[in-house]
Amino acid sequence: MSATTARRAARSAARPAPALFAACAVAAAGLAITGGGVFAALNATASNATAQNATSGTLSLTMANNGTGFGQSVSNLAPGDTVIRYVNLTQGATMDGKALTLAVADGTPSKLTTDATKGLHVTVTQCSGTWTTTGAGTCTGTGATTTVLATSVPLSSLVAAPSTLISGTVTAASSVNLQLSLTLPDQAETTANGVLPASPIQGLSSALTWTFGESQRTSTVTGS
C-alpha cells in the first residue's frame, strides 16, 4: 500500500459514520421535546364571587369629669382632710378591654406624692348606677351598687407603677363611673415662731396627671 493510500484510509476511519450523525440528531430532537414538557402544566383556580369584608376593632377608653372632676383643683389640705372627685370612663363601642389600671404622674414632685406614709392617699369606688356629686356622694339608680376598687393607696405607689382597678373585662360601650377620695393622712407637725419644721407636709404643691389604662380583651378563635 502506498503512503497516499494509507493516509486516505486513516482519514476515512476517523470520520464519524453518517448513521451516527443521524442517531445523534434523533436523540437531540427527543430531548428537546421532553424538555419542553417539563414547563407545561394544567392549572385551575376558584374564588368567591362576592368580596369578603374583614375589619379590625378599635380599643378606646375616654374619660370625662363628672361634676367636680380632675379639672378642679384640690387646695389647702390639712391632715385628715378628704376631697372627693368624680370621673366617668367610657369604653369604645367595638372592642372589650381588660385589666383597667390607674397611674399618677406629678409634674412638680413633692412629699405629697413621694412619701408613702405622710403623702396623699386615694380610694377609688365604682358605682353601677350614677353618682350624685354633692357632699360625700351617693350611688343612685335602681339596684345600683358600689364596689371599692382601691383602698387608701399612696400616690407614691401610683407614681411608681400603675395599680389594677378591674382585673377582668371592661365591656365595649360600657361606662365605669368612679369616685376618687383623696386624703391627706393624720400627722403632727409643729411650726415654731412661724418657722416650718424640717421636711414639712405643709405648704407643698403637686401637679397631678391621672391616667387610666387598659389592654385589649383576650384574643379568641371563632368559627363565625
* Structure fact -> Rounded to one decimal in nm, the spacing of the 7 Å Cα→Cβ label points at residue 219 and residue 47 is 2.8
* Provide the per-residue ³J(HN,Hα) series for region 71-78, in order, calculated from phi with Karplus coefficients 6.51, -1.76, 1.60 and θ = phi - 60°, each as a whole number of Hz, with x at glycine and proline positions. => x, 9, 5, 10, 10, 6, 5, 10
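Sort 39-50, 88-99 for me by packing, meaning the mean count of neighbouring Cβ atoms within 10 Å per residue, highest on top. Can you show the working numbers first?
On the way: 39-50: 4.8, 88-99: 17.3.
Highest to lowest by the protection proxy: 88-99, 39-50.
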* Structure fact -> Taking the reciprocal of mean 1/r across every pair of different Cα atoms in region 118-223, the Kirkwood radius in Å is 17.1
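Can you give me the relative contact order of region 91-173 as a percent, contacts being Cα pairs under 8 Å and 6 or more apart? Working shown, then result.
Numbers: 151 pairs, mean separation 40.5, N = 83.
About 49 percent, as a whole number.
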* Structure fact -> If the chain between residue 192 and residue 70 were fully extended at 0.36 nm per residue, the gain over the current Cα-Cα distance would be 40.4 nm
* Structure fact -> The rounded separation in angstrom of the Cα centers of region 36-76 and region 105-149 is 34
* To do: Could you calculate the contour length gain from residue 59 to residue 211, that is, 0.36 nm times the residue separation minus the distance between their Cα atoms, to one decimal place in nm?
  => 53.1 nm
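Give the peptides 116-127, 148-159, 52-63 in descending order of average Cβ contacts within 10 Å, highest first. Don't jump to the answer; show the numbers that get you there.
Values: 116-127: 19.8, 148-159: 17.8, 52-63: 10.0.
My ranking of the peptides, most packed first, is 116-127, 148-159, 52-63.
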* Asked: Where a ≥ b ≥ c are the square roots of the eigenvalues of the C-alpha gyration tensor, would you call region 164-224 rounded, which needs a/c under 1.5, or, failing that, prolate if a/b is larger than b/c, or oblate?
  -> prolate
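Could you tell me whether region 60-164 comes out rounded, prolate or oblate from its Cα gyration tensor? Rule is a ≥ b ≥ c as square roots of the eigenvalues, rounded for a/c under 1.5, then prolate if a/b exceeds b/c, otherwise oblate.
The shape class here is oblate.
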* Asked: Can you list the HN-Hα couplings for region 189-196, worked out from phi with the Karplus curve (6.51, -1.76, 1.60; θ = phi - 60°), rounded to whole Hz and with x for Gly and Pro?
  -> 9, 10, 9, 9, 6, x, 9, 5
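Read-outs: derived from the displayed coordinates by stated rules, not from any lab. Since this is a predicted model, take the numbers as computed values, not measurements. Backbone-built Cβ (ideal geometry, glycine too); neighbour counts: all protein chains shown.
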